Amino acid sequence: MHRTSVKRIVIVAAGLIGLGTLLSSLSTHWGRTDRPERARVRAGDQMVWKDPAFDDSDWLTYSAWQRLTGPYQGNLWLRQPLKLGDDPSVNTFVLVAVGSSEVYFDGELIGRNGVVGDSRDTEVPGSLLFMCSIPGHLLKPGDHEVALRFSNHRGISRFYLLGAGIGSIQDVVSFTRRTLFPFLFLSVFLVVALYFFVLYALNRQQASHLAFASLCGLTGLLLFVESIRSFGYPYHWHGHRLYLVMILSGILAGLVPLFFILHHGLSRRWLIGIPAALLVGAAMFHRSLDQVSFGFFTCAFIYAQAVVCFAFLKEKTDSWIGLLGINQALIVLALTRLTFLEQWLFGCFTLLIVLMLISLSLQSRRQRAQFQEARLRSARLQIELLQKHLQPHFMLNTLTAVMEWLEREPKAGVAFVGLLAQEMKTLNRFSSQTLVSLEEELRLCRNHLEILAYRNGEEYPFQTVCENPDLEVPPAIILTLVENGVSYALDEGTLQFEMRQRITPTGRVHIDFKAVGVDIHIGEADDGTGSKYIKARLEESFPGRWRLNASGNEQTWVTNIEFEGGP
């Protein structure tokens, strides 16, 4: 099958997954699910409501009451029938609710969680998680009635009944062990986050490392904030925790597309879509704080899929790994809906982070290989350049000139030998360095031109303008341009050089070199050893952050070198 056809099929499949996820999420948001249907609620506070024989048929179901009431502060009762079997070990009542509470089993008080009050001052906040034992004389097989009396005068949002039921001590212990399991992932997320924060601090050019470190760190923080609910805390903290979860969810969701934009080097214009996706998610899923968090992940994942699909179309390296990771996240989200936040979020993010880590590792390995290759190529070309400079023809002409100068003008001959020795000494020192100051580089160029002036009996004017003489550049790149100009000089006419170094407000360095009086063509300049040496040196010192342009016009050759300041 043609490669273009395969890419189209992959993009269409990804689009269908994104559309299916959006439709599934919207059906969850607009659909009505009354749970638990057997539980009935009424606002107010009358002790007669604890009577198991009380008629509560005119009370609303819990979900219907929530929809009609919205945010609520005050007193309320909840009644629910309960059926016991003949297992005597099932004797523990577990309640997870946002409020202080009293538990009545068949009209008998079996537990208090805080103090139920009729105002903020008289109420003592209870714990979100509460357990109490059912007395033995009430543990009879058959139907029973549980009445729950609440007050949540200190609450800041809706009243939530997160769970209520009975079980054995073994069930409670097993539940506690399961709640500890996510904390094993917490240390992993934090260690990975710290590692990539250090990597970014050492090399600030890799912004994707910072995004990935932040993503891992926030995943661990959100995991902690979600998991502490299992240990219980004063119920009035729950609303604050939900707001914190919503904020962390929004930031974490936004980091997913941000990572892929930075990792694949896409245009910064893609960044505008991140806050737009989060705003759309908050607007579409607004009924509760949990749904807003769910909306953040839904819209951010769909936008991240669009980003990765674009990278895949542009054939960005390893973009298929990101496409695989984000599509699995969308499929899990579509299948699990709101339970995604409660049960599947961290498993999904663990797999996504693993795939991101694989992609970063492959990128790092390629960069190391490219760096080593650049160093080897630079060393090889440097040897070739030195061989060219020290070739027998050059040395023979130079030594012949030395002999002539020593015979005719001994003082001039001695000065000539001193210039030659200084050039050899500088070249030898440069061979072991990656960067040298521009001032040293220009001093070497002038030294070389003086040698040529002595040897050829001609002057080679060299005008320079430097905004920063201390700027560090790869060694011998300007000298190479000078030697190229000398090699292609016209038989008649004056050969002269100009160099201007400037720094833009954004910190980008420009070096403009001009050779006047040369006969050189594009192919000759681009394919020569000197040009290859300059490119290899620039890639070694400024990998992926340099540009070299050369052009000729009317016996004038202009070379422009650009790179970001700092190695």
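The values are calculated or read from the model by the stated rules, or taken from the named source; none is laboratory data. These numbers come from a predicted model, not from an experiment. Neighbour counts run over all protein chains shown; Cβ positions are idealised from the backbone, glycine included.
Laid out as a table, the results:
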{"quantity": "Within the range 279-324, considering residues that are in a helix (DSSP H, G or I) and polar (S, T, N, Q), the one nearest to LEU68 (Cα to Cα)", "calculated": "GLN291"}
{"quantity": "Residue among ALA53, ALA64 that alone is surrounded by 15 or more Cβ atoms within 10 Å (Cβ to Cβ), hydrophobic (A, V, I, L, M, F, W, C) and either over 23 Å from THR298 (Cα atoms) or modelled with pLDDT of 90 or more (or both)", "calculated": "ALA64"}
{"quantity": "Condition check for GLN363: assigned to a helix (DSSP H, G or I), touching a residue at least 60 places away in the same chain (Cβ under 8 Å) and touching a Pro at 6+ places or on another chain (Cβ under 8 Å)", "calculated": "no"}
{"quantity": "Strands (runs of 3 or more DSSP E) completely within the range 437-516 that count 2 or more residues being buried (at least 21 other Cβ atoms within 10 Å of the Cβ)", "calculated": "496-503, 508-516"}
{"quantity": "Where ARG269 falls short, out of the listed (1) part of a loop (DSSP other than H, G, I, E, B); (2) without any contact (Cβ under 8 Å) to a residue 12 or more places away in the chain", "calculated": "(1)"}
{"quantity": "Residue in the range 286-298 that is surrounded by the fewest Cβ atoms within 10 Å (Cβ to Cβ), counting only those that are of a type outside the set (D, E, K, R) and more than 16 Å from ILE331 (Cβ to Cβ)", "calculated": "HIS286"}
{"quantity": "Yes/no for LEU381 being surrounded by 13 or more Cβ atoms within 10 Å (Cβ to Cβ), at pLDDT below 65 and touching a helix residue (DSSP H, G or I) at 6+ places or on another chain (Cβ under 6 Å)", "calculated": "yes"}
{"quantity": "The range 273-288, residues that are under 17 Å from GLN305 (Cβ atoms) and within 20 Å of the chain's Cα centre (by Cα)", "calculated": "GLY273, ILE274, ALA276, ALA277, LEU278"}
{"quantity": "From VAL482, VAL486, residue being free of Cβ contacts under 8 Å to residues at least 40 places away in the same chain and under 19 Å from LYS535 (Cα atoms)", "calculated": "VAL482"}
{"quantity": "Verdict on ILE110 being in contact (Cβ under 8 Å) with a residue 12 or more places away in the chain, assigned to a strand (DSSP E or B) and closer than 26 Å to ARG229 by Cβ", "calculated": "yes"}
{"quantity": "Neighbours by Cβ (under 6 Å, 6+ apart or cross-chain): first from the range 208-235, assigned by TED's automatic domain parsing to the domain that holds MET356 and under 16 Å from MET131 (Cα atoms); second part of a helix (DSSP H, G or I) and β-branched (Val, Ile, Thr)", "calculated": "SER230/THR179"}
{"quantity": "When residues of the range 113-140 are limited to those that are surrounded by 12 or more Cβ atoms within 10 Å (Cβ to Cβ) and acidic (Asp, Glu), the one nearest to the chain's Cα centre (by Cα)", "calculated": "GLU123"}
{"quantity": "Some residue of the range 80-95 being in a strand (DSSP E or B), at pLDDT 85 or above, β-branched (Val, Ile, Thr) and closer than 26 Å to SER174 by Cβ", "calculated": "yes"}
{"quantity": "The range 276-285 - residue that is modelled with pLDDT of 85 or more and either surrounded by fewer than 19 Cβ atoms within 10 Å (Cβ to Cβ) or touching an Asp or Glu at 6+ places or on another chain (Cβ under 8 Å) (or both) and, of those, farthest from ILE251 (Cα to Cα)", "calculated": "ALA283"}
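Every residue, every condition in (1) of a type outside the set (Gly, Ala, Ser); (2) modelled with pLDDT of 85 or more, yes or no:
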position	(1), (2)
TRP270	yes, yes
GLY273	no, yes
SER293	no, yes
PHE297	yes, yes
ILE302	yes, yes
THR317	yes, no
THR339	yes, no
LEU355	yes, yes
GLN372	yes, no
